[in-house]
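K.L.:
Here it is, the structure, as structure tokens.
The values are calculated or read from the model by the stated rules, or taken from the named source; none is laboratory data. The model shown is predicted, which means the values in this text are computed figures rather than measured ones. Cβ placement follows ideal geometry from the backbone for every residue including glycine, while neighbour counts extend to all protein chains displayed.
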Amino acid sequence: MRSILKLAALPALLLLAGCVPPDTVQPPRMIAPVLTTSDAVDTSSYAQPQEARVAHVALDLELDFAQQSVRGTATLDLSVPGKAGELVLDSDGLLIDRITDASGRKLAWRLGEAQGEKGAPLIVDLGHTPRVIIHYAANPQASALQWLSPEQTAGKQHKFLFSQGQAILNRSWIPTQDSPGIRQTWEARIVAPKPLDVVMSGIMQGEPEDLGDGRRAFRFAMDKPVAPYLIAIAAGDIDFRAIGPRTGVWAEPAMLDAAHAEVIETEAMVEAAEALYGPYRWGRYDMIVLPPAFPYGGMENPVMTFLTPTFIAGDRSLTGLVAHELAHSWSGNLVTNAVWGDSWLNEGVTSYFENRIVEEIYGAKRARQEVALDYMAIMETLAEVGADAPGTALHQPDGTESAGSAIIYNKGAAFLRTLEQQVGRERFDAWLRQWFDKHAFQPATSAMIYEDLKLNLAGSEAEAERLRLHEWIYAPGLPENVAKPDPAAFAAIDAATLAYAQHGTIPAGWAGWVSAERQRFLQNLPQTLAAEDLARLDAALGLSASGNNEELFLWLDLALANRYEPAVPLAERFLAEVGRTKFVRPLFATLIGEGDWGRPIARRIYAGTRAGYHTVTQRAVDRVMQEAPPPS
Ligand code: BES
Ligand code: ZN
């Protein structure tokens, strides 16, 4: 009896362990369409999906921390191998050993000429095989991967690895068609040394398998087709703690309490997001708080958002970041920009959605203050580059570059907020929900959202004209009908800023101000301040001791811009620990802008910190350094 029961349970157990017997019937894989219009051609990829197209990726990789390499195989299943004689993949620095078909027969392949960050096309002679197996290793310099020393972790005992795929970095460790419009399902088996745990942007399949030689194998699967930039991995000495039934957080043990407390509202955020724009379709929503070298605030890797620890302020004042990455589960991960010139479809829509979640969780006042900060950033960018600069349009035609995140994120969000204001929340929300529903698990372009808005929101040419839909998407600057921020949002703060500027009055209410208010004050202080002024501000407001990294960053930037010597050691410590590009690049740029005073400091600090930064941050700071005139 006992053994029969055991036998009956065997298939289920095998499934749980992730080792599905070969004769088990698998449900058919979801295959997402690829757009064929000219505005959906991704010039950042070599892929030619009309010829041969990857539909599923199976990775079998070992993490080699000593060599700083991942090594193994990528098995690519093609849909409609059709007429194609050749499969064109993206690759950047991959070390390819051999490529075979499913039976082990070698396939001819060649690497085309490399073009900078785009990498090189990897061209495989297919014959008629629908399955290609690539035996390879990633280069130790792979741009997506960052291998951290124990010193770069909170625990200081174990090495750590994480990847950052967006926008076109995953080709440095995964040989596939690395284009956001070519969605792929994937699975992975990852071997890692004990005691490290591995997480990925897919659902873990069963318990890790102990290989008995100091290594363990972890299995993951993503059964929904995703853009390949969303395949992500992290490995380190990490633990998990649940938040709600489908939410939880991973972090190093030393960080887990603080991380868990900061993101405790995540389950409520998922519920709020679902109430706004429809079901969360990915199963679990987990997060990992990474070491401070992580180059972004957050990255919306499906089912496993990656987060910087620098958003942990102890008071949940910077958790708009979590709302943002969660919102990408709809805008970005479910409906995805087909080309990077339409990244406002990901980031702008997400920034709008983020603010709606913030409103639900923290109330209208906080939401309005965050809108007002975002609006100020748009105005600053327009003042800097000019309201007629092509880079200030939401849609960026091929080969042009946006004027920065205030356009893609904040102007994008302002567009949707304007529509909401013009047609009313109810109608607007119904429109956005149907947009997500209709394009779920598919790529989209500016032209598609424009047509959809005309048809399903405006309803007539005249109304489309009145809403200025075309101007919002395709023209530079800010259309006249933009929804203005609430003038009351920071009225008291702006009065205090003025009082300081005119009379040197230190704001009496500072201790009771929320973070957005403090940020507003710091951003609008007079740009030129004497050392005595800075010393007095620091002493009165405790700026150097701030545990809020957004505030600390604004303070350091202000201090360095005024050549305030006492701030240099703190800036140096900050730059040695934190790799978040948003903080690191501007601080170096400010120093470089301070000529004979700042340039030597920047060069000295960067010489010590560069090796600890992710490629993304290195590239951003390298550019700042190269643009600087040579020291006189
Ligand atoms: N997807 C982005 C990060 C990204 C953008 C990586 C472009 C590579 C290329 C992520 O969702 C993001 O926007 N992060 C912001 C968060 C913020 C706006 C709340 C960040 O990192 O600062
Ligand atoms: Zn984002």
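K.L.:
Does residue 165 count as among the small types (Gly, Ala, Ser), more than 21 Å from residue 296 (Cβ to Cβ) and assigned to a loop (DSSP other than H, G, I, E, B)?
P.N.:
no
K.L.:
Return the residue satisfying two criteria in turn: it lies in segment 299-327 and is within 23 Å of residue 185 (Cα to Cα) and assigned to a strand (DSSP E or B), and of such residues it is nearest to ligand 1 (Cβ to nearest atom).
P.N.:
Going through the qualifying residues, I end up with 299.
K.L.:
What are the residues in segment 76-117 that are in a loop (DSSP other than H, G, I, E, B), modelled with pLDDT of 95 or more and under 32 Å from the mean Cα position of the chain (by Cα), if any?
P.N.:
92, 93, 94, 112, 113, 114, 115
K.L.:
Identify all residues within segment 539-582 that are of a type outside the set (Ser, Thr, Tyr) and free of Cβ contacts under 8 Å to residues at least 24 places away in the same chain; write none if there are none.
P.N.:
539, 542, 543, 545, 552, 569, 573, 574
K.L.:
I'd like the full set of residues that are modelled with pLDDT under 95 and surrounded by 19 or more Cβ atoms within 10 Å (Cβ to Cβ), limited to segment 28-51.
P.N.:
32
K.L.:
Mind checking which residues of segment 469-499 are in contact (Cβ under 8 Å) with a residue 40 or more places away in the chain and under 15 Å from residue 390 (Cα atoms)?
P.N.:
The answer is 472, 473, 474, 475, 476, 477, 478, 479.
K.L.:
Would you call residue 300 surrounded by fewer than 22 Cβ atoms within 10 Å (Cβ to Cβ), of a type in the set (Asp, Glu) and more than 24 Å from residue 194 (Cα to Cα)?
P.N.:
no
K.L.:
Can you work out which of the residues in segment 342-351 that are within 12 Å of ligand 2 (Cβ to nearest atom) and assigned to a helix (DSSP H, G or I) is farthest from residue 276 (Cα to Cα)?
P.N.:
344
K.L.:
Residue pairs, Cβ under 9 Å, 6 or more apart or interchain, first in segment 397-416 and in contact (Cβ under 8 Å) with a residue 12 or more places away in the chain and more than 14 Å from residue 469 (Cα to Cα), second within 11 Å of ligand 1 (Cβ to nearest atom) and part of a loop (DSSP other than H, G, I, E, B). List them.
P.N.:
Partner pairs satisfying both residue conditions: 402/343; 408/343; 408/402.
K.L.:
Report, by residue number, each residue of segment 300-336 that is closer than 19 Å to residue 225 by Cβ and either touching a strand residue (DSSP E or B) at 6+ places or on another chain (Cβ under 6 Å) or more than 10 Å from ligand 2 (Cβ to nearest atom) (or both).
P.N.:
Scanning segment 300-336 gives 301, 302, 303, 304, 329, 330, 333, 334, 335, 336.
K.L.:
Are any residues in segment 367-415 charged (D, E, K, R), over 23 Å from the mean Cα position of the chain (by Cα) and either buried (at least 16 other Cβ atoms within 10 Å of the Cβ) or part of a loop (DSSP other than H, G, I, E, B) (or both), and if so, which ones?
P.N.:
Matches in segment 367-415: 368, 388.
K.L.:
Which of (1) more than 14 Å from ligand 2 (Cβ to nearest atom); (2) without any contact (Cβ under 8 Å) to a residue 60 or more places away in the chain; (3) surrounded by 24 or more Cβ atoms within 10 Å (Cβ to Cβ) does residue 339 not meet, given it meets every other one?
P.N.:
(2)
K.L.:
Taking residue 323, is it buried (at least 23 other Cβ atoms within 10 Å of the Cβ) and over 15 Å from residue 449 (Cβ atoms)?
P.N.:
Yes; evaluated as a whole, the condition is true for this residue.
K.L.:
Ok, one more. For the list (1) under 19 Å from residue 333 (Cα atoms); (2) within 16 Å of ligand 1 (Cβ to nearest atom), I need the number of the one condition that residue 184 fails.
P.N.:
Result: residue 184 passes all but (2).
K.L.:
Further question: Just the residues that are closer than 16 Å to residue 325 by Cα, part of a helix (DSSP H, G or I) and touching a residue at least 40 places away in the same chain (Cβ under 8 Å), please, taken from segment 257-279.
P.N.:
259, 262, 266, 268, 269, 270, 272, 273, 276, 277
K.L.:
Residue check, residue 557 against (1) within 16 Å of ligand 1 (Cβ to nearest atom); (2) modelled with pLDDT under 95; (3) not small (Gly, Ala, Ser), all met but one. Which one?
P.N.:
(2)
K.L.:
Shifting gears a bit: From 610, 580, 573, which residue is basic (Lys, Arg), buried (at least 22 other Cβ atoms within 10 Å of the Cβ) and within 26 Å of the chain's Cα centre (by Cα)?
P.N.:
580
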